[in-house]
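These notes are about the structure you will find just below.
The values are calculated or read from the model by the stated rules, or taken from the named source; none is laboratory data. Predicted model, so just to flag it, every value in this text is computed and none were measured. Backbone-built Cβ (ideal geometry, glycine too); neighbour counts: all protein chains shown.
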Amino acid sequence: MAVIERAELKAIGERFLAAWQRRDAAALSLNHAPQGVVESPMYATLRGRKAIEESYRAFFTSFPDATMEIENILADPPYIVMFATVNATHQNDFFGLPGTNRHIDFRTARLMKVNEERLIEHERRIYDFTGLLLQVGLLRAKPAKP
């Protein structure tokens, strides 16, 4: 079993980020193993490259101006961890809610396990999905009572 070096993992992370910044769902999915798994608060558990690509495409359709600003990429073989902030405008349907033109921003962490083929075999996305739903107006929060 060949060990993946930290520098190579960071390069994989940077390649992933470049595809994300282009909002290229097909290129993003090619970073994942054919039978890869993604755990996502937004899209639940995705299995296989096709489902993963469809989730990227759905997000970029809802938020076509989405950007991701990386705070840090950590590499500890065979893992890559990305800490980032996502900014976007809700312009198209998102879980049945037509575009609101509301701005969203949320912090996220992505834990990715990379296999010997240099592909992401498992990704866990961590972010405040409830907060995102509040930002687009799918949920409403009641003010706290004094």
Before we move on, is residue 53 touching a helix residue (DSSP H, G or I) at 6+ places or on another chain (Cβ under 6 Å), outside any loop (DSSP other than H, G, I, E, B) and of a type in the set (D, E, K, R)? yes
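Can you tell which of 44, 26, 18 is among the aliphatic types (A, V, I, L, M), loosely packed, with under 14 Cβ neighbours inside 10 Å and under 14 Å from residue 124 (Cβ atoms)?
Of 44, 26, 18, the one residue that is among the aliphatic types (A, V, I, L, M), loosely packed, with under 14 Cβ neighbours inside 10 Å and under 14 Å from residue 124 (Cβ atoms) is 44.
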Checking residue 89 against (1) surrounded by fewer than 18 Cβ atoms within 10 Å (Cβ to Cβ); (2) in contact (Cβ under 8 Å) with a residue 24 or more places away in the chain; (3) closer than 21 Å to residue 4 by Cα, which single condition isn't satisfied? (3)
Against the conditions (1) under 14 Å from residue 125 (Cβ atoms); (2) surrounded by fewer than 18 Cβ atoms within 10 Å (Cβ to Cβ); (3) touching a residue at least 60 places away in the same chain (Cβ under 8 Å), where does residue 32 fall short? Just the number, please. (2)
Result of the Cβ filter at 6 Å on segment 125-146, keeping first residues that are modelled with pLDDT under 85 and partners that are in a helix (DSSP H, G or I) and surrounded by 14 or more Cβ atoms within 10 Å (Cβ to Cβ), at least 6 apart or interchain, is 139/133; 141/134
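To keep it simple, each residue is scored yes or no on (1) of a type outside the set (Val, Ile, Thr); (2) modelled with pLDDT of 95 or more.
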{"residue": "6", "(1), (2)": "yes, no"}
{"residue": "22", "(1), (2)": "yes, yes"}
{"residue": "28", "(1), (2)": "yes, yes"}
{"residue": "39", "(1), (2)": "yes, yes"}
{"residue": "51", "(1), (2)": "yes, yes"}
{"residue": "59", "(1), (2)": "yes, yes"}
{"residue": "70", "(1), (2)": "no, no"}
{"residue": "105", "(1), (2)": "yes, yes"}
List the pairs whose first member sits in segment 65-77 and is among the β-branched types (Val, Ile, Thr), whose second member is surrounded by 14 or more Cβ atoms within 10 Å (Cβ to Cβ) and assigned to a strand (DSSP E or B), and whose Cβ atoms are under 6 Å apart, counting only residues at least 6 apart or on separate chains? 67/87; 70/84; 73/82
Within segment 92-123, count every residue that is over 16 Å from the mean Cα position of the chain (by Cα) and among the hydroxyl-bearing types (Ser, Thr, Tyr). 1
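Just to be sure I understand, how many residues within segment 1-32 are polar (S, T, N, Q) and assigned to a helix (DSSP H, G or I)? Talk me through it step by step, then tell me what you get.
Taking segment 1-32 and keeping what is polar (S, T, N, Q), we get 21, 29, 31.
Going one step further and asking which of them are assigned to a helix (DSSP H, G or I), we end up with 21, 29.
The number of residues fulfilling the criteria is 2.
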Considering segment 107-140 alone, what residues qualify as being touching a Leu at 6+ places or on another chain (Cβ under 6 Å) and loosely packed, with under 14 Cβ neighbours inside 10 Å? 139
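If I ask for residues that are assigned to a strand (DSSP E or B) and not acidic (Asp, Glu), which ones from segment 62-72 would you list? Working first, answer last.
So the first thing to find is which residues in segment 62-72 are assigned to a strand (DSSP E or B), and the list is 67-72.
67, 68, 70, 72 - these are the residues of segment 62-72 that are assigned to a strand (DSSP E or B) and not acidic (Asp, Glu).
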Residue count for segment 18-46, restricted to those that are touching a strand residue (DSSP E or B) at 6+ places or on another chain (Cβ under 6 Å) and farther than 23 Å from residue 136 by Cβ: 5
